[in-house]
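The values are calculated or read from the model by the stated rules, or taken from the named source; none is laboratory data. Nothing here was measured: the structure is a model prediction, and the numbers come from that model. We place every Cβ from the backbone using ideal geometry, glycine too, and count neighbours over all the protein chains shown.
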Amino acid sequence: MRDESRALDVRRGVCRWLLRAGVAPLAEVPLGGGRRADVLGLDAQGRLTIVEIKVSLADLRADRKWPEYLDYCDRFFWAVPPDFRLAALAAPELAPERTGLIVADRFDGDLLREAPWEPLNAARRRAETLRFARRAAARLMDGLDPEAALLAAE
């Protein structure tokens, strides 16, 4: 199975896990700093969760940008497929004390390590919550009326 297909399966399971946990997920979300979260979730208290999906050790080792995500969420998780070598995610440079771990397939996700809540700066939370809401509304509208995007002001 190709990495892209595996990542989509993991994303589906992660989103199902988040929904059960009371977190509304949105996939492929650009953040204020120019990065893109694989999954960004918003809970009823307005807290933001980022989930970064890794399907191979090479993908994990090549990722040098992930610490930047910590400035855009209240908690951060890694998500991997069931056959991933989990010991790699305990490496000190991956900050296991600050990151949670979810194992997921296309049907569901399981929490292996909880992520600590570290409150986001209030101004950043507001900006990212508005970005989340506008992105979600635009995607909903695009599904209802694909031509409506042409009317939206940039």
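If the condition is being surrounded by fewer than 13 Cβ atoms within 10 Å (Cβ to Cβ), within 24 Å of residue 56 (Cα to Cα) and among the acidic types (Asp, Glu), then segment 87-129 contributes 93, 97, 110, 114.
Scanning segment 98-109 for residues that are touching a strand residue (DSSP E or B) at 6+ places or on another chain (Cβ under 8 Å) and over 10 Å from residue 79 (Cβ atoms) turns up 98, 99. One residue alone among 57, 19, 42 is in contact (Cβ under 8 Å) with a residue 12 or more places away in the chain and either touching a His at 6+ places or on another chain (Cβ under 8 Å) or within 28 Å of residue 122 (Cα to Cα) (or both), and that residue is 42.
Conditions (1) at pLDDT 95 or above; (2) out of contact with any Lys or Arg (no Cβ under 8 Å at 6 or more places or on another chain), marked per residue:
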residue: 52; (1), (2): yes, yes
residue: 62; (1), (2): no, yes
residue: 82; (1), (2): yes, yes
residue: 90; (1), (2): no, yes
residue: 103; (1), (2): yes, yes
residue: 106; (1), (2): yes, no
residue: 109; (1), (2): yes, no
residue: 112; (1), (2): yes, yes
residue: 115; (1), (2): yes, no
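Selection of segment 60-89 for residues being in a loop (DSSP other than H, G, I, E, B) and either in contact (Cβ under 8 Å) with a residue 60 or more places away in the chain or touching a helix residue (DSSP H, G or I) at 6+ places or on another chain (Cβ under 6 Å) (or both) yields only 81. Just one of the listed residues (41, 22, 34) is surrounded by fewer than 21 Cβ atoms within 10 Å (Cβ to Cβ) and modelled with pLDDT of 95 or more, and it is 22. Among the candidates 125, 131, 98, the residue that is basic (Lys, Arg), under 14 Å from residue 37 (Cα atoms) and touching a Pro at 6+ places or on another chain (Cβ under 9 Å) is uniquely 131. Could you count how many residues in segment 126-143 are touching a helix residue (DSSP H, G or I) at 6+ places or on another chain (Cβ under 7 Å) and under 24 Å from residue 74 (Cα atoms)? Looking only at that region, the number is 1.
Considering (1) under 18 Å from residue 41 (Cα atoms); (2) touching a residue at least 60 places away in the same chain (Cβ under 8 Å), the lone condition that residue 107 does not fulfil carries the number (1).
Filtering 37, 27 for residues that are farther than 20 Å from residue 124 by Cβ and either without any contact (Cβ under 8 Å) to a residue 60 or more places away in the chain or part of a strand (DSSP E or B) (or both) leaves a single hit, 27. Applying the selection to segment 90-101, what residues are closer than 17 Å to residue 69 by Cα, among the aliphatic types (A, V, I, L, M) and either under 15 Å from the mean Cα position of the chain (by Cα) or in a helix (DSSP H, G or I) (or both)? Passing the criteria: 94, 101. If you filter segment 110-132 down to residues that are in a helix (DSSP H, G or I) and free of Cβ contacts under 8 Å to residues at least 60 places away in the same chain, you find that the one that is nearest to residue 13 (Cα to Cα) is 130.
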